[in-house]
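What follows is a single structure, written as structure tokens, with notes after it.
The values are calculated or read from the model by the stated rules, or taken from the named source; none is laboratory data. Quantities reported herein were computed from a predicted structural model and do not represent experimental measurements. As a convention, Cβ positions derive from the backbone with ideal geometry for all residues, glycine included, and neighbour counts pool all protein chains shown. The accessibility values were calculated without ligands, DNA or RNA, using every heavy atom of the protein model including side chains. Shrake-Rupley method; radii C 1.70, N 1.55, O 1.52, S 1.80 Å.
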Amino acid sequence: MEKNVRVGILMGSDSDWEKINGVAKALDEFNVGYEIHVMSAHRTPDKVLEYASTAKSRGLGVIIAAAGGAAHLAGVVASHTTLPVIGVPVKTDMMGGLDSLLSTVQMPGDVPVATVGTGSGGARNAGILAVQILATGDPTLAEALVAFKEKLVAKIAAKDAAFQEKLSQPS
């Protein structure tokens with residue numbers, strides 16, 4: 001069964017995929033369709049403009065943009081669409097992703113970009129945040145999120161029970 005594409009995932013370089021593929025894995029868990037493209041705010045600005053300005057008319061509901069270093073991709077995308085944009089700061093060798101984080105989060109007023117953390121947790125959170133945004137208008141996704149949260153509660157309760165059992169054992 002082919003998924004209806006609702007999320008656009010952009011990355012500044014194909015080498016970013018290994019660092020951000022948690023986005024797609026999270027969307028897959030909720031059966032949310034997506035498309036993935038490589039484009040650069042600096043090297044292919046016309047392509048970014050076309051993609052962002054046509055995304056809504058093509059049925060997308062959220063765009064996730066991942067970039068490292070100067071990390072302007074999310075901001076440029078946000079300047080050309082009314083869709084919610086989630087920025088994923090990609091970890092770099094120079095500053096471990098701090099440079100990317102600061103570039104992504106420091107948006108001027110009136111051009112919001114929701115920014116998640118660096119690392120694999122940030123990429124996964126971008127996917128889940130996209131699902132949460134889409135779920136505001138999709139009761140099926142909203143129900144799936146409730147079930148997801150219930151599983152998280154059960155998972156942590158099981159870990160606590162195992163830990164308490166371990167603590168009760170004589171050393």
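Comparing Cα centroids, region 72-125 and region 140-171 end up 31 angstrom apart.
Within the accessible surface of the chain, defined with a 1.4 Å probe on protein heavy atoms only, the carbon and sulfur portion equals 56 percent. Close lysine pairs were tallied over the chain: pairs 8 or more places apart or on different chains with Cα atoms under 22 Å apart number 11.
For the set ILE63, ILE36, solvent exposure ranked by accessible area (probe 1.4 Å, protein chains only) runs largest to smallest as ILE36, ILE63. For the chain, the dipole from Cβ point charges (+1 on Lys and Arg, -1 on Asp and Glu) about the Cα centre works out to 200 debye, to the nearest 20. For SER120, the solvent-accessible surface computed with a 1.4 Å probe is close to 90 Å², ligands and nucleic acids excluded.
To the nearest 10, the accessible area of GLU35 is 40 Å² with a 1.4 Å probe.
Computed on the chain, with alpha-carbon pairs under 8 angstrom and 6+ residues apart, the relative contact order is 22 percent. Of VAL113, VAL76, the order by accessible heavy-atom surface (1.4 Å probe, DNA, RNA and ligands excluded), from most exposed downward, is VAL76, VAL113.
Per residue, how much accessible area does region 1-94 show when a 1.4 Å probe rolls over the protein heavy atoms, in square angstrom? Heavy-atom accessible area per residue stands at 49 Å². Which of rounded, prolate, oblate describes region 56-141, given a ≥ b ≥ c as roots of the alpha-carbon gyration tensor eigenvalues and a/c under 1.5 marking rounded, otherwise prolate only if a/b is larger than b/c? Verdict is oblate for region 56-141.
In the context of the full protein assembly, HIS72 retains an accessible surface of approximately 90 Å², using a probe radius of 1.4 Å and ignoring ligands and nucleic acids. Sorted largest first by accessible area at a 1.4 angstrom probe radius, with every protein chain in place, the residues SER79, SER40 fall in the order SER79, SER40. Our estimate of slack between SER15 and VAL38, defined as 0.36 nm per intervening residue step minus the Cα-Cα distance, is 7.3 nm. Charge tally around SER57: other residues with Cβ under 15 Å, Lys/Arg +1 each, Asp/Glu -1 each, net +1. Between the Cα long axis of helix 139-168 and the first principal axis of the chain there is an angle of about 40°, rounded to the nearest 10.
The magnitude of the dipole of region 93-171, with charges of +1 and -1 set on the Cβ of Lys/Arg and Asp/Glu and taken from the Cα centre, is near 320 debye.
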